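Take a look at the structure below.
The values are calculated or read from the model by the stated rules, or taken from the named source; none is laboratory data. Nothing here was measured: the structure is a model prediction, and the numbers come from that model. Cβ coordinates were reconstructed from backbone atoms using ideal geometry, including for glycine residues, and neighbour counts include every protein chain displayed. All accessible areas refer to the heavy atoms of the entire protein, side chains included, with ligands and DNA or RNA removed. Shrake-Rupley method; radii C 1.70, N 1.55, O 1.52, S 1.80 Å.
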Amino acid sequence: MSTESYVPIIALTTRVVGVGIAGIMTGYAMAASHQVMPAILDPAVGLSADKLIRTWSAVFDTGKAFAVRRLPIGALAFFTSAYLTHNVSAPPSILGIQGSTHLALAGAALLASAPYTIFFMFPTSIKRLKNKLAIMDEAVHRGEAVEPKTLDMADTRADVEDWTRRNTVRMCFFATSFLLGITF
């Protein structure tokens with residue numbers, strides 16, 4: 001059996017890996033932005049500013065741990081599948097995109113979420129919330145109470161809402177990648 005006979009299997013497998021990672025990242029970002037954050041921001045829940053920050057941090061850290069490791073793997077899987085199918089003649093997809101360009105765009109959309117996160121999320125809401133968390137942790141370490149002005153509820157709430165909006169935009173990158181991957 002020649003190695004060329006394995007190419008379609010490898011191309012399909014790498015595409016499935018890319019679609020799986022993009023789908024999981026889409027689902028996590030959607031759940032964080034549209035279920036978890038609205039629930040913890042609900043005044044009826046009654047979270048104080050410090051508990052709101054700690055809950056946000058747990059959601060953020062879980063997503064970050066997953067995405068940092070898997071985002072490059074998903075993009076590489078899409079790019080590998082695109083390379084392996086670059087000379088396969090196929091009719092245009094339902095989106096009108098020809099051939100392996102679909103998979104290359106899926107990989108690019110997945111990778112595009114990284115610069116968006118670095119340039120539009122880290123310098124803004126993430127930095128402000130992580131700074132507040134550091135101040136809280138420092139005060140707890142010293143055995144002191146956290147100053148109320150440091151953790152103004154309205155300000156903290158605005159930062160979490162800002163992160164939620166930005167995370168929704170990032171989710172669109174993941175969803176685009178997922179949809180491009182499954183419609184090839």
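Some points to look at:
- With all pairs of different C-alpha atoms in the average, the Kirkwood value for the hydrodynamic radius of the stretch 1-77 is 14.9 Å.
- Computing Cα extents along the principal axes in Å directly from the structure and comparing it against (i) 55, 36, 31; (ii) 70, 30, 26; (iii) 65, 34, 30 singles out (ii).
- Amide N proximity, the stretch 99-138 versus GLU144 label position 7 Å along Cα-to-Cβ, cut-off under 16 Å: 132-138
- Pair ILE135, ARG69: separation of 7 Å Cα→Cβ label points (nm): 3.3 nm
- Just the protein heavy atoms count here, and of the accessible area of the stretch 1-73 at 1.4 Å, carbon and sulfur take up 69 percent.
- Exposure of LEU47 as accessible area (Å², to 10), given a probe of 1.4 Å and all protein chains: 40 Å²
- Surface composition of the stretch 109-158: carbon and sulfur make up 65 percent of the accessible area, probe 1.4 Å.
- Under the span-like rule (Cα at least 30 Å along the axis, Kyte-Doolittle mean at least -1.0), DSSP H helices of the chain: 7-31, 49-84, 153-182
- Straight-distance candidates among the aspartates and glutamates for linking to LYS130, with alpha-carbon spacing under 17 Å and chain neighbours fewer than 8 residues away dropped: ASP50, ASP61, GLU138, GLU147, ASP152, ASP155, ASP159, GLU161, ASP162.
- Once the chain from VAL45 to VAL88 is taken as fully extended at 0.36 nm per residue, the excess over their C-alpha distance is 10.0 nm.
- Net charge contributed by nearby residues that have their C-beta within less than 13 Å of SER125 (K/R +1, D/E -1): +4
- In this structure the chain gives 55 Å² per residue of accessible area when probed at 1.4 Å with all protein chains present.
- Cα centroid of the stretch 1-49 to Cα centroid of the stretch 50-73, whole Å: 13 Å
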